[in-house]
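Below: one structure in structure tokens.
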Amino acid sequence: MTAEHDNPAWFEDERFWNDFFPHLFSEERAAEAARIVAQSPLFRFPPGARVLDLCCGPGLFTVPLARNGHAVTGVDRSGRLLKHASSACHEAGVGAQLVEADMLDFAEHGAFDVIVNMFTSFGYFDRHEDNVQVLHNAHASLAPGGSLLIDVVGKEVLARLDERVSLSEQDGKVLIQRDTILDDWTRLRSDWFSIDGSAAARGSMTIYLYSAAELRDMLGTAGFDDVRFFGGYLGTPYDHRAERLIAVATKDVDVRGD
Ligand SMILES: C[S@@+](CC[C@H](N)C(=O)[O-])C[C@H]1O[C@@H](n2cnc3c(N)ncnc32)[C@H](O)[C@@H]1O
């Protein structure tokens, strides 16, 4: 999946991220990201850890991670969102390395102690193999003993919620989201309609949906044997009360190479 593609994928469309920026990357979400980094037991990384924020967007997690003293690299394919990340780092008085790259290609052998992939930034590629490749890249990019944290909407979580259309309003900005389950619960299409003052926009994203078992299999294929699942940022179990599907996969300490 590259930019030369005749029919670009939804996530390659800068307009999509721009139109829905106020909803996706609101101040409330930025505050929530800061809270997660400060309070979540899943975010207790060793001081000075080299952290890769994979698909960092405008840096909602990059900034608090850097503020915590970690050596942070943010990777995203959107140059525009990286500019926002750069301004956010500047305003917060923190430094982070920001790299414009595709998660399908980005790998730096053994360069990171931790990789985080937050807020459903996984399962974007049409080909299942490409999504597995992202996990292979993450495995290669981790130092032995390092861990990958992936935070997505779990298939089990979505199946429990019966609401397929939702309406939210924040500071006069209205968002209607309609979710459609595709291909026998393989994928989810979310259609979004937003109204912000006199501007209206619509867009769609289609992502793979994973159960914990499916994600465990994919992580295993990519070389991760030690995988734990959580149902929330406070480290609660992935059970019938889960709100998110969070996988923490650790690379073997004695792994020889990828
Ligand atoms: C839902 S946003 C989440 C951003 C950020 N993790 C957060 O929590 O705010 C998904 C991000 O993935 C980025 N993205 C989409 N496809 C990508 C790809 N193929 N490679 C790298 N980044 C990608 C988008 O530009 C966007 O910033």
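Kindly give Rg over Rh for region 117-258, based on alpha-carbon atoms, with the Kirkwood expression for the hydrodynamic radius.
On the way: Rg = 17.1 Å, Rh = 16.5 Å.
With Rh from the inverse mean 1/r over Cα pairs, Rg/Rh is 1.03.
May I pose another question? Roughly what would the spin-label model give for Gln97 and Thr250, points 7 Å off Cα along C-beta, in nm?
With each label placed 7 Å out from Cα toward Cβ, I get 2.6 nm.
Using all C-alpha to C-alpha distances in region 1-102, build P(r) with 10 Å bins and read off the rounded percent in each one.
Binned Cα distances yield the sequence 16, 45, 29, 9, 1.
List the equivalent ellipsoid semi-axes of region 158-205 in whole Å, largest first, each obtained as the square root of 5λ for an eigenvalue λ of the Cα gyration tensor. Mind dumping the intermediate values first?
Details: eigenvalues 119, 31, 5 Å².
They are 24, 12, 5 Å, listed from largest to smallest.
Based on the Cβ-Cβ distance of Arg187 and His90, what FRET efficiency does E = 1/(1 + (r/R0)^6) give at R0 = 25 Å, to the nearest 0.05?
Calculated value: 0.10.
Separation between the His109 and Arg15 pseudo-spin-labels, each 7 Å from Cα along Cα→Cβ, expressed in nm?
Placing both labels 7 Å along Cα→Cβ, they lie 4.2 nm apart.
To the nearest 0.05, how large is the calculated FRET efficiency for Thr180 and Leu234 if R₀ is 45 Å and r is the Cβ-Cβ distance?
Calculated transfer efficiency: 0.90.
State the extension gain, in nm to one decimal, for the chain segment bounded by Glu163 and Asp225, taking 0.36 nm per residue of separation less the distance between their alpha-carbons.
Full-extension gain reported as 18.8 nm.
Quick one: among Gly146, Gly74, Gly172, which has the greatest mean-square fluctuation in a GNM of the chain with alpha-carbon springs under 10 angstrom?
Highest fluctuation among the options: Gly172.
Over the chain, what relative contact order in percent results from Cα pairs under 8 Å that are six or more residues apart?
Across the chain, relative contact order equals 16 percent.
Points 7 angstrom from Cα along the Cβ direction at Glu27 and Ala213: gap in nanometres?
So the two model labels end up 4.6 nm from each other.
Please give the calculated 222 nm ellipticity per residue for the chain, where each DSSP H segment of at least 4 residues contributes -39500 (n - 2.57) and the sum is spread over every residue; nearest 500 deg cm²/dmol?
Dividing the helical sum by the residues of the chain leaves -8000 deg cm²/dmol.
Of all DSSP beta bridges located in the chain, what percent are antiparallel, nearest 5?
70 percent
Once the other residues with Cβ under 14 Å from the Cβ of Leu161 are scored (Lys, Arg +1; Asp, Glu -1), what is the net sum?
Charge balance near Leu161 sits at +1.
Running a GNM on the chain with Cα contacts under 10 Å, which residue among Ala38, Ala66, Ala96 ends up with the highest mean-square fluctuation?
Judging by the Gaussian network model, the answer is Ala38.
Mean shadow of the chain, computed from the convex hull of its alpha carbons, in nm²?
Seen from a random direction, the Cα hull of the chain projects 13.6 nm² on average.
Taken together, the values in this text are just the output of simple stated rules run on the coordinates, not laboratory data. All values derive from a computational prediction rather than experimental measurement. Backbone-built Cβ (ideal geometry, glycine too); neighbour counts: all protein chains shown.
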